[in-house]
Amino acid sequence: MNTQLKELEQEVDVLTGKLEALRQEIAKVIIGQEDTIEQLLITFLARGHALLEGVPGLAKTLMIRTLSQAVDLDFRRIQFTPDLMPSDIIGTEILEEDHTTGKKFFEFNKGPIFANIILADEINRTPPKTQAALLEAMQEFEVTYSGKTYALDKPFFILATQNPIEQSGTFPLPEAQQDRFLLYIKIGYPTEAEETHILKNTTGSENSKINPVLTGKEIVRLQELVREVPISDALVGFVSKVVRATRPETSTNAYVKEWVGWGAGPRAGQAMILTAKARALAQGRLSVTPDDLKTMAYPVLRHRIIVNFRAEAEGITSDDVTRELLKNTPIST
């Protein structure tokens, strides 16, 4: 037993060391945004998908492209537009001809969804019918077309982006579809020092070369190890209390009753625990701490707590509700 534990610790040390090398490779190109990169890696390790919101020009596309280069995986970018069709994402059947027999047959031509890392750029610019084409791939890691199922390669990770400024001509993601995203990450402007560094680095002739430091198999192994990270019953109870307290029908929190329209479902608790385990593993730890759960609560609950109209008018957000709940929910010992 002790030998197995020692071997596991050695494996974790090697793989988390490679995660640090991955951060360093990304930092060659992406200046600052450490929290955003950390949350993207956590989503990847927890075998989930992320919704990233930020104004144009904050290197969202470059960030995910750099990540795919550093892990040596297949990357595809899909630009979502109002006329994009589901077949443009998952693929379509085309008529082929056998040159030896002359017989015609249909063959499935795979779409860009058949990659390891997908950037769904400006996902809110396409109609719900096309947005829904991602749902099966996100949840089941497979695509069905004409009654036949096609498995997607693993690891599989979707990063969807949306612009918070321009809302005309957009189709906001339905709450049920947002719930499929493990994390809702908000990316902010760089600091003054970071912006100066960006201007110096991106207006010269020097280009940084990204070296792959992690393989797909190692990512899959890390995803398996995340599930093995232990969490105490007390912390599981804390997660349950926080998630249940988001629901105004059953919550005893006056702040929630006043400002929340709809609370989070059980998937929120699963996401909090999985991402907390992934954060612990990414930092080289084999146990979840309260700080892991409290840190991940914000991006997990951001799109799962729906505030009411009065809260919107007063400028109260789901992050404010999460902050209030974390402050008033004790951890049982």
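Descriptive notes on the structure:
- Put a dot 7 Å past the Cα of SER146, heading toward its Cβ, do the same for MET85, and the two dots end up 1.4 nm apart.
- Of interest is the spacing of the C-alpha centroids, which for region 99-154 and region 191-222 amounts to 30 Å.
- For region 131-236, applying the loop criterion from DSSP together with a ceiling of 14 other beta carbons within 10 Å to the chymotrypsin sites (Phe, Trp or Tyr not before Pro) yields PHE141.
- Solvent-accessible area, 1.4 Å probe, carbon plus sulfur percent, for the chain: 51 percent
- Separation in nanometres of the label points that stand 7 Å from Cα toward Cβ, at ASN328 and GLU107: 6.3 nm
- Ordering of 308-321, 252-265 by burial proxy (mean other Cβ atoms within 10 Å per residue, highest first): 252-265, 308-321
- In plain terms, the C-alpha convex hull of the chain casts an average shadow of 22.7 nm² when viewed from every direction.
- Taking Cα centre as origin and charging only the Cβ of basic (Lys, Arg, +1) and acidic (Asp, Glu, -1) residues, the dipole magnitude of the chain rounds to 520 debye.
- Packing, as the average of other Cβ atoms within 10 Å across residues, places the peptides 91-98, 323-330, 21-28 in the order 21-28, 323-330, 91-98, highest first.
- Our estimate of slack between ASN201 and ALA254, defined as 0.36 nm per intervening residue step minus the Cα-Cα distance, is 14.1 nm.
- Across region 122-158, the residues whose backbone nitrogen lies under 19 Å from the label position 7 Å along the beta-carbon direction of LEU95 are 146.
- With contacts taken as Cα pairs under 8 Å and at least 6 residues apart, region 274-317 reaches a relative contact order of 27 percent.
The values are calculated or read from the model by the stated rules, or taken from the named source; none is laboratory data. Worth saying up front: this structure is predicted, and the values here are computed from it rather than measured. Neighbour counts are summed over all protein chains in view; Cβ atoms, including those assigned to glycine, are modelled from backbone coordinates with ideal geometry. Only protein heavy atoms, including side chains, enter the accessible area calculation; ligands, DNA and RNA are left aside. Shrake-Rupley method; radii C 1.70, N 1.55, O 1.52, S 1.80 Å.
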